[in-house]
Amino acid sequence: MEKNRISKVDLIFENDGTLVNTVLDKVKKMNPDDIIMEMIDSGLKGRGGAGFPTGLKWKFTKAENSYDKYVVCNADEGEPGTFKDREILDRVPEKVFTGMAVAGYAIGARKGYMYLRAEYNFLLKGLIKKVEEFNKLLKDKGFDFNIEIRSGAGAYICGEESALFESIEGKRGEPRNKPPYPTVAGLFNKPTSINNVETLVYATVIMKYGAEKFKEMGTKDSRGSKVFSISGDTPNAGIYELELGMTVAAFVDEFGDGDTKAVQVGGASGICVPRKKFNDMIIGYEGVPTGGSMMLFNSSRSMYNVLKDYLEFFAEESCGQCTPCRVGCQQLLRGIEAVKKGEKDPSYLETLKKLAQTMKISAKCGLGQSVANPFISIVDNFREEIIY
Amino acid sequence: MTDVNLIINEQIEKYGRERQALMPILQKIVADKNYITEDELALVAEALDLSAADVYGTATFYTFLDVVPRGKYVIRVCKTISCHMSGKDEIIKTLEKTLGIKLGETTPDRKFTLLQANCMGWCHKGPVMLINDEVYPELTPEKAIAIVQEYIAK
């Protein structure tokens with residue numbers, strides 16, 4: 001990977017009418033362990049943002065001794081700035097279903113669920129029709145696997161895997177304690193492999209081309225390519241599939257408007273990279289990881305407003321179950337408002353940073369834990385904008 | 001009341017008389033009747049052998065499962081960062097004026113409810129709004145008025 005320039009890729013949306021049949025027929029002749037080895041070898045990491053190695057997730061789920069196991073497709077895309085899964089589900093849903101079938105075959109699951117966020121209900125009718133056709137195709141090909149679609153109801157937290165299970169089970173979407181992890185006790189307390197929409201398409205792509213081709217792209221820690229959702233102050237907003245491992249500088253060269261002062265990598269829960277660090281930061285697991293959200297801000301934007309917007313988002317979307325997150329999000333928001341109004345001394349920002357750090361180690365799930373990412377990176381790099 | 005029983009039975013037939021039928025039941029009631037009343041929540045609870053408090057607690061957890069009166073058309077304008085930057089405030093002001101209500105309110109004829117919502121995944125095409133399940137991206141005040149006028153004429 002040449003890290004100083006971007007490299008466009010066309011795998012996810014590649015127009016290939018024979019892909020589904022080719023992959024399903026190929027997989028059917030393979031041993032599940034070999035499929036899992038191929039996935040591990042590819043180095044594919046979860047594309048939802050957390051970046052857990054997909055092959056290992058499948059391996060752990062397969063290793064569990066249970067008659068019932070599940071594959072769950074996490075289509076509860078809700079991270080501000082992310083819209084790639086919507087585009088994937090709209091344009092190539094059969095590749096997602098195929099990835100679910102491959103996962104099901106590999107881990108020994110007979111049932112798959114797709115959990116689709118309510119904001120994407122406009123896709124639901126079409127997806128239900130396509131999944132029915134797909135289930136029939138699986139039956140014809142001799143797969144003992146079928147997929148059902150369940151809808152969310154407007155809760156960001158349900159993108160957290162265990163909250164998502166709770167929601168399908170008909171409960172409040174409150175994250176569970178871990179361990180046990182989903183591979184041991186997931187949906188309906190059965191071993192579950194839960195994968196992001198894009199991850200499942202890459203699984204399909206890897207089964208077609210093999211791990212070698214995928215591995216050739218990217219870096220040691222960030223193999224392959226990834227779909228980016230690009231928005232904010234850019235003349236080229238939209239969806240782009242890019243090889244991993246480029247610097248933020250290379251990204252800004254291509255997508256910036258010439259006046260980019262910061263890039264928020266990974267959505268509201270991600271990290272804000274200021275201009276002075278563009279050259280040092282690699283977009284990938286060795287640098288700034290992202291589930292795909294890339295938001296560009298130019299010098300006309302107030303980073304105070306950006307941070308305030310994020311904190312309002314978290315304060316609203318916190319499930320309220322654990323105190324660090326429920327109280328922490330609100331206090332961080334009130335805190336920066338008080339500093340801005342001059343009711344609190346600027347040094348109060350240090351206290352707030354400590355609170356954010358405390359949330360990182362004490363909140364129950366990724367939501368509360370990751371609020372520190374935007375908070376500390378914005379406060380540290382744009383302190384004067386927060387105060388004055 | 002009868003049609004809610006119909007919805008409950010339909011969904012139980014599909015998902016079983018189990019807790020996992022709860023979301024599909026509540027979602028269908030909202031889709032058909034715009035919101036769920038307390039009496040209906042109690043009926044659902046009875047059908048699934050759950051406590052009414054448990055069902056209420058679950059319904060109120062989810063933004064899209066409305067338990068207060070809503071209009072036939074629920075307008076949700078995205079308020080998150082990209083849509084904020086691209087002018088959602090102006091869209092809301094325009095809608096308030098066109099509908100004669102404030103954010104959070106329902107028109108007296110129960111036709112429209114105007115709300116804000118968090119990111120709906122159209123950050124490259126903001127501002128965006130949902131009217132029930134339909135998406136309207138790349139809004140301008142003029143476009144928003146024209147869309148709402150179509151719904152008013154319905």
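Quick note: the coordinates plus some simple rules give every number you see, no bench work behind them. Quick caveat, the model's predicted, so the values are computed rather than measured. Please note: Cβ atoms are built from the backbone with ideal geometry, for glycine as well, and neighbour counts cover all protein chains shown.
Observations, loosely collected:
- Considering only A:G48, A:G154, A:G266, the Gaussian network model of chain A with Cα springs below 10 Å gives its largest mean-square fluctuation to A:G154.
- Residue among A:F228, A:F143, A:F122 with the largest mean-square fluctuation in a Gaussian network model of chain A, springs linking Cα atoms under 10 Å: A:F122
- Pair B:D109, A:A50: separation of 7 Å Cα→Cβ label points (nm): 4.9 nm
- Note on the protein assembly as shown: Cα Rg divided by 2.2 N^0.38 Å, N the number of residues, gives 0.96.
- Here the simple spin-label model places points 7 Å from the Cα toward Cβ, and for A:K29 and A:D280 these points are separated by 5.2 nm.
- Estimated distance in nm for a label pair at A:V327 and B:D133, the labels positioned 7 Å out from Cα along Cα-to-Cβ: 4.3 nm
- Estimated FRET transfer efficiency (B:A153, A:D380; beta-carbon r; R0 35 Å; 0.05): 0.10
- Rounded to the nearest 20 debye, dipole of the protein assembly as shown from Cβ charges on Lys, Arg, Asp, Glu: 580 debye
- About the Cα centre, charge dipole magnitude for segment A:184-281 (Lys/Arg +1, Asp/Glu -1 at Cβ), debye: 440 debye
- Residue order, fewest to most surrounding Cβ atoms within 10 angstrom, among A:E384, B:E46: A:E384, B:E46
- Evaluated at q = 0.16, 0.18, 0.23 Å⁻¹: base-10 log I(q)/I(0), Debye formula over Cα of segment B:1-100: -0.71, -0.81, -1.12
- Tail weight of P(r) past 18 Å, computed on alpha-carbon pairs of segment A:1-75, percent: 61 percent
- Relative to the dominant Cα principal axis of chain A, helix A:32-42 is inclined by about 30°.
- Kirkwood hydrodynamic radius of segment A:179-231, from the reciprocal of the average inverse Cα-Cα distance over all distinct pairs: 13.2 Å.
- Between segment B:119-154 and segment A:140-168, the alpha-carbon centres lie 28 Å apart.
- A P(r) calculated from all alpha carbon pairs of segment B:73-153, with 10 Å bins opening at zero, reads 21, 59, 19, 1 percent.
- Of the residues B:I131, B:I81, B:I101, the one that moves most in a GNM of chain B with alpha-carbon contacts below 10 Å is B:I81.
- Sorted by Cβ density within 10 Å, fewest first, the residues B:M23, A:M217, B:M129: A:M217, B:M23, B:M129
- For segment A:303-387, the Kirkwood hydrodynamic radius from C-alpha pairs, put into Stokes-Einstein at 4 °C and a viscosity of 1.567 mPa s, yields a diffusion coefficient of 104 µm² per second.
- Helix A:54-63 axis, angle to chain A major axis (alpha carbon atoms, nearest 10°): 50 degrees
- Sorted largest first, extent of segment B:3-61 alpha carbons per principal axis (Å): 24, 23, 17
- Gain in span if fully extended, A:K8 to A:A338, counting 0.36 nm per residue against the direct Cα distance: 114.4 nm
- Legend: Rg and Dmax of segment A:19-215, from Cα coordinates, 15.3, 43 Å.
- Using a Förster distance of 41 Å, the FRET efficiency for B:A31-B:K143 (Cβ separation, nearest 0.05): 0.95
- Charge tally in the Cβ shell below 9 Å around A:L333, where Lys, Arg are +1 and Asp, Glu are -1, A:L333 excluded: 0
- Mean-position separation - Cα centroids, segment A:94-134 and segment B:1-37, in angstrom: 23 Å
- Nearest-ten-degree value, helix A:93-107 long axis tilted from longest Cα axis of chain A: 70 degrees
- Options A:C329, A:I168, A:N298, ranked by Cα towards positive dipole end of the protein assembly as shown, top entry (Cβ charges): A:C329
- Cysteines having no other Cys beta carbon under 4.7 Å from their own, within chain B: B:C119, B:C123
- Eigen-decomposition of the gyration tensor built on the alpha-carbon atoms of segment A:129-265 gives equivalent ellipsoid semi-axes of 33, 22, 17 angstrom, largest listed first.
- In terms of surrounding Cβ atoms within a 10 Å radius of their Cβ, B:Y136, A:Y310 rank from fewest to most as B:Y136, A:Y310.
- Think of chain B as having a plus end and a minus end, set by charges on the Cβ of Lys, Arg, Asp and Glu; of B:I29, B:L50, B:N5, B:I29 sits farthest toward the positive end of this dipole.
- Between B:A52 and A:E64, the FRET efficiency estimated from the beta carbon spacing at R0 = 35 angstrom works out to 0.40.
- Within-12-Å neighbourhood charge of A:L116 [Cβ basis; K, R +1; D, E -1]: -3
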